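Structure record follows, encoded as structure tokens.
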Amino acid sequence: MKIEKHRVVSFHYRLAEQGGAELENSYQGEPSLYLHGARNILPALEKALAGHSVGDTVAVDLSAAQAYGERQEGQVQRIPAKYLKHEGKMKPGQIVRFRDDQGVRQARVIKVGKFSVDVDTNHPLAGKNLHFDIEIVDVREASAEEVSHGHAHGPGGHQH
Ligand code: ZN
């Protein structure tokens, strides 16, 4: 079964900066799931996967602009520590999550104060040209419910 609109794709991936070391991969856990055609993943990645089927491995190079955008100056915010989700003691360089009017966002800690934390809200992968190696594990028809929700359900996907 080929990857096309209204199908759910299950995949493993390795992600590296182009010409650099691996940044992350999905092989320790469940494959990731997405609903094709619903912009669940980066549009350029979705385009590269279209038409492929189970067992294919797809290597995709994305420029920073096609991936998470260029880094922007002036993205440092001071946030009360209680609003930041993190594990353990916060340290500079650590990635934390917080919620604002755009939803849940990731940020990199720059400086930890007693009650507040300065964070850089550029996406941690902003400014990087990325290389993905994707292995397609499964392709199935989406359920009517998944199509109406605009995302895939189940382990590795959206769990309500
Ligand atoms: Zn749903």
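What number of residues within the stretch 130-150 are under 14 Å from residue 32 (Cα atoms) and either among the charged types (D, E, K, R) or surrounded by 19 or more Cβ atoms within 10 Å (Cβ to Cβ) (or both)?
Let us first name the residues in the stretch 130-150 that are under 14 Å from residue 32 (Cα atoms), namely 132-140.
Still in the running and either among the charged types (D, E, K, R) or surrounded by 19 or more Cβ atoms within 10 Å (Cβ to Cβ) (or both): 132-136, 138-140.
Final tally of qualifying residues: 8.
Determine, yes or no, whether residue 160 is within 19 Å of the chain's Cα centre (by Cα), at pLDDT below 95 and under 30 Å from residue 1 (Cβ atoms). In short, yes. State whether one or more residues within the stretch 58-72 are in a loop (DSSP other than H, G, I, E, B), surrounded by 15 or more Cβ atoms within 10 Å (Cβ to Cβ), more than 16 Å from the ligand (Cβ to nearest atom) and of a type in the set (Lys, Arg). No: zero hits.
Do we find that residue 133 is in contact (Cβ under 8 Å) with a residue 60 or more places away in the chain and more than 16 Å from the ligand (Cβ to nearest atom) in this structure? Criteria met by residue 133.
The values are calculated or read from the model by the stated rules, or taken from the named source; none is laboratory data. If you're wondering where the values come from, they're calculated on a predicted model, not measured in any experiment. Positions of Cβ are generated from backbone atoms using ideal geometry, with glycine treated the same way; all protein chains shown enter the neighbour counts.
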